[in-house]
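Following: one structure in C-alpha cells, then a few remarks.
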Amino acid sequence: MGEKKAIIRLEKLGKEFQTSNGPIKALDDITLDIMQGEIFGIIGLSGAGKSTLVRCINYLEVPTGGEVFFEGQPLSRMKEYGIREVRRSMGMIFQQFNLLAQRNVLQNICFPLELIGTPKDKAQERAKELLDLVGLADRAKAYPAQLSGGQKQRVAIARALATNPKVLLCDEATSALDPNTTKAILELLKEINRKMGVTVIVITHEMSVIEAICDKVAIIDKSHIAESGTVADIFSNPKSKIGRQLIMGDTVHNRQFGSSKMIRIIFDGRASNEPVLANMILACKAPVNIMYAATKDINGTALGQMIIQLPEDEVEARRMMNYLEGAKVPYEEVTENDL
C-alpha cells in the first residue's frame, strides 16, 4: 500500500472578523495535515475558534490569510464552480441536525441529490441504501418530529453521505445527545470510516469523543493550535497547559500539596491489565498519595497519566523511583506550578 496523502492541508491559515470594536482574530497561523481515511479530532474550549475553522475548511468562511488545500489544490485559486465541487466532496453534520421538518426521512436524504439534478428514482435508491447503512430502513416515511435525537442525527449522517463525499465534517455532532446515543453515533461514524474510507473530521469540546474514535487530534486554544499529534501521544503526555486541562480536567488545580515529592507517572501503551501502581506499593512496602489519575484503556493499552505524592521519607521515595525505572515506567518530577 502506498503512503497516505493529505486530503486536506491547512497552511498558515488565518481568519479575522471586522467588528465595531476593531478586528478580532478568530484563527491565527493554523497549519495542519489531515490524511486521507483517518478520523481527525479538533478539540478546544468554547470560543477557541473550532467552528470558524470547520467553516474555513469548506470555504463557507473565506480565510483572511494562509491557504486551504483539498487533494493538493488551493481553494483560493478556484472559481466558484470549483469551490462548489469541493463542498460537494465534504458532507457536514451539526449539533442541531438541521433536518427539513416538512419532509419525511427519505425526502430529507434525497434533498442534496435533488440540488445536483439526480433523477428521482436514482436519488431514492441511494437514500434507501443509506438508510440501511445508518440502521433506519424502517423509518423512511417518518417525519423529523417523530424521531429521537439519535435517529435525527442518523438521518443527518445519511443525508451528508448522499453525494458520496470524501470528507465528513462533524461540528459538535454529539453534544446534544445523551451518553448512550453518543456512543452509538460515534460507533456509526467509525463504521462509515472503515467501510467507505471517508475521512472524518470531528470538531468537539469533549475529550471522551476524541478518545472514542479519533486517530489524531489537534488542540485549539485562543485561535492557535496548542499541540497536535496521535491521540495516544497527546493522551499519555500532553505538552500544553490547555491539553493537560482538557485531559485531566480542572480538579487537579487549587489543591494544597505537602512538602514531599510529587511525580507524574506516564502510561504510554502498557497493557492496561498490568497493575503498575499496586506492584510498586507492594514491592516498596510504602503507601503513596494519589493526587490525580487520568488513565484510559484504549484497545487494551493504558494511556494517560497519574500524579502521586511519594512518602516524605527520602529512602522510601528513592526506592519507588528506582522501582519505576527498573519497570521501565516513564515518570517525571512535578511541582504545583507544573499542574
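What FRET efficiency comes out for the pair residue 282/residue 206, r = Cβ-Cβ distance, R0 = 56 Å, nearest 0.05?
Rounded to the nearest 0.05, the efficiency is 0.95.
Stretching residue 299 away from residue 314 to a fully extended chain increases their span by 1.7 nm, per 0.36 nm per residue minus the current alpha-carbon distance.
If contacts are Cα pairs under 8 angstrom and at least 6 residues apart, what is the relative contact order of the chain in percent?
Values: 610 pairs, mean separation 57.2, N = 339.
This gives 17 percent for the chain.
The helix-based estimate of mean residue ellipticity at 222 nm for the chain, built from -39,500 (n - 2.57) per DSSP H run of four or more residues and divided by its residue count, is -10000 deg cm²/dmol to the nearest 500.
Averaging the Cα positions of each part gives two centres, and for the stretch 26-44 and the stretch 285-330 these lie 33 Å apart. Amide H to amide H distances under 5 Å link residue 298 with 303, where only residues 5 or more positions off or on other chains count and H is placed in the peptide plane.
The modelled label-to-label distance between residue 128 and residue 102, using points 7 Å beyond Cα along the C-beta direction, is 2.7 nm. Loop-located GluC sites (Glu not before Pro) in the stretch 255-327 (DSSP state other than H, G, I, E, B) with a sparse environment of at most 12 neighbouring Cβ atoms within 10 Å: 312.
Ordered by packing density, taken as the mean number of other Cβ atoms within 10 Å over each peptide's residues, highest first, how do 52-61, 76-85 rank?
Top of the packing list down: 52-61, 76-85.
Largest GNM mean-square fluctuation among 145, 127, 218, using the chain with Cα springs under 10 Å: 145.
Taking other Cβ within 10 Å of each residue's Cβ, how do 132, 138 sort, fewest first? Could the numbers behind the result be given before it?
Numbers: 132 13, 138 10.
With the sparsest Cβ surroundings first, the list reads 138, 132.
In order along the stretch 212-221, the phi-based Karplus estimate (6.51 cos²θ - 1.76 cosθ + 1.60, θ = phi - 60°) of 3J(HN,Hα) comes to 6, 9, 7, 8, 10, 8, 10, 9, 9, 9 Hz; Gly and Pro are listed as x.
Listed by chain and number, the lysines placed with their C-alpha closer than 23 angstrom to that of residue 222 are 12, 15, 25, 50, 239, 241; residues fewer than eight positions away on the same chain are left out. All other residues whose Cβ lies under 9 angstrom from that of residue 240 are scored, Lys and Arg at +1 and Asp and Glu at -1, for a net of +1. Computed from point charges on the beta carbon alone (+1 for Lys and Arg, -1 for Asp and Glu), the dipole magnitude for the chain about its Cα centre is near 1180 Debye.
Comparing 102, 18, 305 in a Gaussian network model of the chain, where Cα atoms under 10 Å apart are tied by springs, the biggest mean-square fluctuation is seen for 18.
For the set 128/195; 141/166; 4/120, the pairs lying more than 25 angstrom apart at their alpha carbons are 141/166; 4/120. Per-residue Cβ neighbour counts within 10 Å put 214, 170, 284 in the sequence 284, 214, 170, beginning with the fewest. As an exercise, identify the trypsin sites (Lys or Arg not before Pro) in the stretch 292-339 lying in DSSP coil whose Cβ has no more than 10 other Cβ atoms within 10 Å. Listed in order of number, the matching sites are 328. Size descriptors for the stretch 74-134, from the alpha-carbon set: Rg then Dmax equal 13.8, 39 Å.
Coordinate-derived values only; no laboratory data. Computed from a prediction, not measured in an experiment: that's the story for all the values here. Here the Cβ is made from the backbone with ideal geometry for all residues, glycine too, and neighbour counts use every protein chain on show.
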